[in-house]
Amino acid sequence: MPLFGTNGIRGVLNENITPELGYKFGMAVGTFYNDSSVALAHDNRTTSHLLKNVAEAGLLNSGKNVIDLGMIPTPAAQIYCKLNKIPGIMITASHNPPNFNGFKVIAKDGSNPGKTEESKIEEVMSNGNFNKIQWNSIGKVTTGDAVEPYLREIIKNVKEEVIRQRHFKLLIDCANSTTLVTTPLLLRRLGADYVSVNANSDGFFPGRGSEPTEENIKNLISFARSTKFDMTVAHDGDGDRAVFLDERGEMIDGDKFVAIVADHILEKKKGDLVFPVASSFLIDKIAEKHGVKVIRTPVGAPVISETLTKIHGLMGGEENGKVILPEYLNGGDGGLSLALALDIVSSRGQDISSLIKSVPDYRLRRIKLPLRADFDEIKSKIKDQYSKMKADEIDGLRLVEKDNFILIRKSGTEPAIRLYLSSMNQEWIDSREREIKKLLTV
Ligand code: MG
């Protein structure tokens, strides 16, 4: 089994990841890259200190200097690597439960390394051909500040003065983790007042689950509904994602949020967009308006990033609200999303809910169904049932009719099917859901 999953190496301490593995990982990263220094950052999980220290020992023993960036969000570490053109290691398990942790490589341009780069590092780990140094040429450990340059880079993408004049009042939820060192500073810089929850560092994540799902943030939602804020933001553990609530405390649909961001970005600059097949046709409407193309990819942030690099795309995104602006960083960043949300609201002079209402009402329903038969059989059954619709197999099976679509994919993590239905017509979605559920249980 390959060591690297879609987002680095992840597992539970002394079950599937060990201190020995962390040491080897540090050695392998130090051996693979020719650079003299490697940046090292971590989140605040209970095991992060341990894993950071063993990775650091591996880097030192392979002859590298280590720049310790401390406890910061993943995108802050990525920006540091990009600005300094050095590779890095991030110790985090993103939005996984607190018993998990993991290792992520950061490439010299700040992005996630490509599959070939990862498999070469993996090869060094398994063959054990590590660089080893003499006692008298051991590198140094120094500390580096990634927070200040991160905030500066974010703010370059927005109109700081216009945002400051609006004097936003926000509710923020830092998930007891990394964004508590950056989001309050970012908001102060942007002249916003805020009330913060889960903004104390605690590796047990006592406040809520680390992934900002509607279920996990239900207490935040009731707080936002009972109080007056211009907007609410909830981060994930390592800060590469953010979800938003409008001024009434209603959750903002990620699919619509990225569309509004795309519209805003395209007003300033033209370029093609990269979105997965799971995003609705709303993004095509926005692209059409600005005379640019949408390139569709399979689902998942790594393939979106790769495609953005390949086609020199302007922006990528996902229906969960993830925004990728490769010129800034070829990866998601909740801090950037937050700054862009404030930029859009302040420059358009409307509440966020009115802005969301102003775009065509494409709805996207996501349903998880048990996988009871061979996936190829299921695909052909659905294809037969909807033979008049246009089919593509970019990821699973997508069937398109005007701007409605059915998408079915096999889950990568459990025996389940992910069904996506999108249309501007609620009735169309309801009928397809009924039909497909019936078809799959027969
Ligand atoms: Mg994350």
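The values are calculated or read from the model by the stated rules, or taken from the named source; none is laboratory data. Everything numeric in this text was worked out from a predicted model, so none of it was measured. Please note: Cβ atoms are built from the backbone with ideal geometry, for glycine as well, and neighbour counts cover all protein chains shown. Accessible surface areas use protein heavy atoms only, side chains included; no ligands, DNA or RNA. Shrake-Rupley method; radii C 1.70, N 1.55, O 1.52, S 1.80 Å.
Would you check if N101 is at pLDDT below 95 and within 14 Å of the ligand (Cβ to nearest atom)? No.
The C-beta contact set for the stretch 129-153 (first residue outside the structural domain of T179 (by TED's automatic domain parsing), second residue surrounded by fewer than 16 Cβ atoms within 10 Å (Cβ to Cβ) and small (G, A, S), distance under 8 angstrom, 6+ apart or interchain) comprises G139/S36.
This table checks each residue for (1) touching a Gly at 6+ places or on another chain (Cβ under 6 Å); (2) touching a residue at least 60 places away in the same chain (Cβ under 8 Å); (3) within 16 Å of the ligand (Cβ to nearest atom).
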residue	(1), (2), (3)
L59	yes, yes, no
S62	yes, yes, no
I72	no, yes, yes
K85	no, no, no
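Across the stretch 1-12, the qualifying residues are those that are open to solvent by 50 Å² or more (accessible area, probe 1.4 Å) and either assigned by TED's automatic domain parsing to the domain that holds G88 or not aliphatic (A, V, I, L, M) (or both), and the one among them that is modelled with the highest pLDDT is R10.
Put simply, of Y362, Y328 the only residue that is under 26 Å from the mean Cα position of the chain (by Cα) and under 24 Å from E118 (Cβ atoms) is Y328. Checking each residue in the stretch 162-188 for being free of Cβ contacts under 8 Å to residues at least 60 places away in the same chain and farther than 22 Å from A76 by Cα picks out R164, H167. Are any residues in the stretch 211-230 closer than 11 Å to H95 by Cα and surrounded by 24 or more Cβ atoms within 10 Å (Cβ to Cβ), and if so, which ones? P212 - this is the single residue of the stretch 211-230 that is closer than 11 Å to H95 by Cα and surrounded by 24 or more Cβ atoms within 10 Å (Cβ to Cβ).
The strands (runs of 3 or more DSSP E) falling completely within the stretch 231-306 that include 3 or more residues that are surrounded by fewer than 24 Cβ atoms within 10 Å (Cβ to Cβ) map to 294-297.
Counting the residues of the stretch 121-171 that are open to solvent by less than 40 Å² (accessible area, probe 1.4 Å) and part of a strand (DSSP E or B) gives 2.
Here is the figure for the stretch 399-408: residues that are charged (D, E, K, R) and modelled with pLDDT of 95 or more total 1. V195 satisfies every condition listed in (1) assigned to a helix (DSSP H, G or I); (2) open to solvent by 20 Å² or more (accessible area, probe 1.4 Å); (3) over 22 Å from L40 (Cβ atoms) except (1). Quick one: in the stretch 238-258, which of the residues that are closer than 22 Å to N330 by Cβ and in contact with a Lys or Arg (Cβ under 8 Å, 6 or more places away or on another chain) is farthest from the ligand (Cβ to nearest atom)? In this case the residue turns out to be V258.
Taking the numbered list (1) free of Cβ contacts under 8 Å to residues at least 40 places away in the same chain; (2) more than 16 Å from the ligand (Cβ to nearest atom); (3) over 30 Å from H312 (Cβ atoms) in turn, N216 passes all entries but (2).
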